[in-house]
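Before anything else, here's the structure in question.
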Amino acid sequence: MSEATTPLAVLPTPPQTRIFTISNQKGGVGKTSTAVNLAAALAEAGMNVLVIDNDPQGNASTALGVEHGVEIPSVYDVLINDKPLHEVVVASPEMAKLWCAPANIDLAGAEIELVSQVARETRLKNALEDYAAWRQDQGMERLDYVFIDCPPSLGLLTVNAFVAAEEILIPIQCEYYALEGLSQLLKNIQLIQKHLNSSLHISTILLTMYDGRTNLASQVAQEVRSHFPQQTLQTLIPRSVRISEAPSYQQTVITYDSASTGARAYREAAAEIAHRAE
């Protein structure tokens with residue numbers, strides 16, 4: 001583990017809270033790594049950042065060093081039991097100005113339980129709005145960024161995330177079949193835009209697991225850029241052992257190995273996103 005640090009340059013604070021849903025129904029593309037590492041990089045640069053772990057596996061909670069056993073209040077309690085989000089959110093030991101709403105395995109049942117709930121698609125959105133008001137009442141600084149980490153599915157948990165956010169960040173791995181299934185995701189986004197959240201849009205595409213030694217990786221990157229020229233970040237996240245190792249130490253790569261290529265890449269991606277503030 002490296003002690004060296006390479007802090008971000010001063011980044012512009014967004015004019016209002018930017019809420020990102022990180023989504024791709026294809027598994028193993030780096031959704032959780034992207035959520036926690038961008039969050040840590042922005043918090044390191046002085047932003048107030050909240051990660052909402054909306055995946056029953058709770059991997060984002062683990063990477064942020066936050067307890068998420070079944071006895072711990074979680075996003076499940078917010079969605080199903082109307083528990084206020086401020087009673088669930090905890091500070092991450094990873095970084096100052098970084099908070100996490102943890103998930104646990106109870107969330108796996110939420111897909112079914114949400115079906116019979118009143119306002120089932122807007123429960124996370126309402127909880128976030130109430131949390132923003134609570135922070136203001138407490139005299140706390142407003143959040144600059146919220147990242148919602150989603151399961152690899154397009155069920156009601158992901159729908160809640162889409163309704164709560166304005167921006168979608170799609171991680172796409174630089175491997176064969178990278179764009180497979182993306183058309184279904186785009187159709188679902190269009191349905192959400194039409195019926196539930198007209199301001200939702202894909203603002204950011206992040207290319208992950210890039211291996212510059214292969215022709216395939218550069219071909220995939222080129223293909224993604226041709227489909228999404230405005231949304232695709234210039235920064236490429238490399239295939240990195242350090243990024244994979246960090247969560248097993250309950251850390252992000254930003255603190256686990258601050259000088260690694262993975263940490264540097266996520267800092268660069270965070271800076272790109274900050275400079276694109278809408």
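Of all residues being part of a helix (DSSP H, G or I) and acidic (Asp, Glu) in the range 80-129, which is nearest to Gly58 (Cα to Cα)? Just the residue, please.
Ranking the candidates gives Asp106 first.
For (1) under 23 Å from Asp144 (Cα atoms); (2) outside any helix (DSSP H, G or I); (3) at pLDDT below 95; (4) of a type in the set (Ser, Thr, Tyr), each residue gets a yes or a no:
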| site | (1), (2), (3), (4) |
| --- | --- |
| Tyr266 | yes, no, no, yes |
| Ala269 | yes, no, no, no |
| Ala274 | yes, no, no, no |
| Ala277 | yes, yes, yes, no |
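Got a number for residues in the range 213-237 being under 21 Å from Ala45 (Cβ atoms) and either at pLDDT below 90 or in contact with a Ser or Thr (Cβ under 9 Å, 6 or more places away or on another chain) (or both)?
3
Continuing with the same structure: Inside the range 191-249, can you point out the residues that are open to solvent by 90 Å² or more (accessible area, probe 1.4 Å), of a type outside the set (S, T, N, Q) and within 30 Å of Arg120 (Cα to Cα)?
Scanning the range 191-249 gives Leu191, Lys194, His195.
Select, from Gly69, Gly65, Gly46, Gly28, the only residue that is in a loop (DSSP other than H, G, I, E, B), over 12 Å from the mean Cα position of the chain (by Cα) and closer than 19 Å to Glu268 by Cα.
When all the criteria are applied, what remains is Gly46.
Separate question: For residues in the range 10-23 being at pLDDT below 95 and touching a helix residue (DSSP H, G or I) at 6+ places or on another chain (Cβ under 7 Å), which is most open to solvent (accessible area, probe 1.4 Å)?
Pro12
With respect to the numbered conditions (1) in contact with a Ser or Thr (Cβ under 9 Å, 6 or more places away or on another chain); (2) within 26 Å of Ile80 (Cα to Cα); (3) polar (S, T, N, Q), which one is the sole condition not fulfilled by Ser199?
(1)
Among helices (runs of 4 or more DSSP H) lying entirely in the range 139-248, which contain 2 or more residues that are of a type in the set (D, E, K, R) and either touching a strand residue (DSSP E or B) at 6+ places or on another chain (Cβ under 9 Å) or under 29 Å from Leu11 (Cβ atoms) (or both)?
By residue number, 241-245.
The values are calculated or read from the model by the stated rules, or taken from the named source; none is laboratory data. Fair warning: this is a prediction, and the values are worked out from it, not measured in the lab. Note: ideal-geometry Cβ built from the backbone for every residue, glycine included; neighbour counts use all protein chains shown. Only protein heavy atoms, including side chains, enter the accessible area calculation; ligands, DNA and RNA are left aside. Shrake-Rupley method; radii C 1.70, N 1.55, O 1.52, S 1.80 Å.
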